[in-house]
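In what follows, a structure is listed as structure tokens, so that the remarks can point back to it.
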Amino acid sequence: MRLAVLDLVGTTIVDGGLVLDAVRRGLVSVGVPVVGPRFPALQRQARATTDRPVLRVFADLLDGDLRRARLAADAYEAHLRDAAAQGRVRQVPGAGAAIAALREAGTTVALAGGLRAETRDVLVARAGLAADLLFAPADVGGRGWPEPDLVLAAAKAADAEPADCVVVADSTAGMAAAARAGAGLALGVQSGAHTPARLRAAGAHDVLESVVELPARLGLPQPPAARRRGAGPDGQLVSSDSLTAGGVIP
């Protein structure tokens, strides 16, 4: 594969409840209570859609009210930047080593997600990740996952065909984007939003425990961080972060 397009929070950056906590902050900023009978339904809806562009998520949660959605999106992204400043943002264990292994093998690595470029850059820097290309929905007319535009833009920038691209994401929307773009390989990971069954149903060719397994899946040398983590009784790599990713911070 000439190009790897990797998702952000939940795939290369630990979620650990960070995203849903930011959703709560966004809702509170526009007067939506995060306690009471309505909130569990809102939380389920948010969990199902947080892999999409942030403004679209809040527009859906707020019944199409774009004015309030923009205010909520501002609060959401500010919360993530604050979390980074407080040291609450970190890479999925071994993600940096996996990215380095891909780049050393000649694979261009692009990081993409539903955040604004400013917030994306803060999170990527705080997580200590290095990539060849960075993309945000604003770079492709606001069309993030599940649209194919992020993948297609990365392929164009890397001078690669979509068929020579692997897309790795923790969400069904990421898998749908890979399929719509004609990516050669779509791999889900279990470290974030959605279950292996949902990822496969959305088009994943395979599901990895973590992005750290990607080099080996592509036939490249396994990064040292993956070897240090060791394997569980079933032969799969085990990470304590993968057990808690996707939860909600109280």
ask   = For the range 155-176, what are the residues that are in contact with a strand residue (DSSP E or B) (Cβ under 7 Å, 6 or more places away or on another chain), under 18 Å from Ile13 (Cβ atoms) and among the aliphatic types (A, V, I, L, M)?
value = Val167, Val168, Ala169
task = Would you be able to tell me the number of residues in the range 101-115 that are open to solvent by 40 Å² or more (accessible area, probe 1.4 Å) and closer than 24 Å to Asp139 by Cα?
result = 1
query = Got at least one residue in the range 130-143 being within 20 Å of Leu199 (Cβ to Cβ) and open to solvent by 20 Å² or more (accessible area, probe 1.4 Å)?
reply = no
message = Can you find, within the range 158-176, the residue that is surrounded by the fewest Cβ atoms within 10 Å (Cβ to Cβ) among those that are within 21 Å of Gln190 (Cα to Cα) and hydrophobic (A, V, I, L, M, F, W, C)?
response = Ala176
key: Only one of Ala202, Ala181, Ala155, Ala193 that is farther than 21 Å from Arg103 by Cβ, over 15 Å from the mean Cα position of the chain (by Cα), surrounded by 22 or more Cβ atoms within 10 Å (Cβ to Cβ) and among the small types (Gly, Ala, Ser)   = Ala181
ask   = Residues in the range 212-227: is at least one within 14 Å of Val5 (Cβ to Cβ) and surrounded by fewer than 21 Cβ atoms within 10 Å (Cβ to Cβ)?
value = yes
remark   = Leu55 vs (1) under 30 Å from Ala158 (Cβ atoms); (2) open to solvent by 20 Å² or more (accessible area, probe 1.4 Å); (3) under 15 Å from the mean Cα position of the chain (by Cα): all pass except (3)
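Each row is one residue, and each column tells you yes or no for (1) in contact (Cβ under 8 Å) with a residue 60 or more places away in the chain; (2) of a type in the set (Val, Ile, Thr).
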residue	(1), (2)
Asp7	yes, no
Val14	yes, yes
Val23	no, yes
Phe39	no, no
Arg52	yes, no
Glu77	no, no
ask   = Does Gly94 fit the bill of being buried (at least 19 other Cβ atoms within 10 Å of the Cβ) and touching a Pro at 6+ places or on another chain (Cβ under 8 Å)?
value = yes
inquiry  = Just the residues that are of a type outside the set (S, T, N, Q), in contact with a helix residue (DSSP H, G or I) (Cβ under 7 Å, 6 or more places away or on another chain) and assigned to a loop (DSSP other than H, G, I, E, B), please, taken from the range 204-222.
reply    = Ala204, Glu209, Leu220, Pro221
query = What number of residues within the range 37-85 satisfy the criterion of being among the polar types (S, T, N, Q) and at pLDDT 95 or above?
reply = 0
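Residue-by-condition table, conditions (1) buried (at least 17 other Cβ atoms within 10 Å of the Cβ); (2) closer than 18 Å to Leu220 by Cβ; (3) in contact with a His (Cβ under 6 Å, 6 or more places away or on another chain):
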residue	(1), (2), (3)
Ala72	yes, no, no
Ile99	yes, yes, no
Ala117	no, no, no
Asp121	no, no, no
query = Given Val19, Val14, which one is among the β-branched types (Val, Ile, Thr), within 14 Å of the chain's Cα centre (by Cα) and more than 27 Å from Gly141 (Cβ to Cβ)?
reply = Val14
inquiry  = Looking only at the range 25-47, filter to residues that are part of a helix (DSSP H, G or I) and open to solvent by less than 40 Å² (accessible area, probe 1.4 Å); which one of those is nearest to Ala193 (Cα to Cα)?
reply    = Ala46
ask   = Of all the residues that make up the range 105-150, how many are of a type in the set (Ser, Thr, Tyr) and in contact (Cβ under 8 Å) with a residue 60 or more places away in the chain?
value = 2
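The values are calculated or read from the model by the stated rules, or taken from the named source; none is laboratory data. Owing to the predicted nature of the structure, the values given are computational and were not obtained by experimental measurement. Ideal geometry is used to build each Cβ from the backbone, glycine not excepted, and the neighbour counts take in all protein chains shown. Accessible surface is based on the protein model in full, side chains and every heavy atom, while ligands, DNA and RNA are left aside. Shrake-Rupley method; radii C 1.70, N 1.55, O 1.52, S 1.80 Å.
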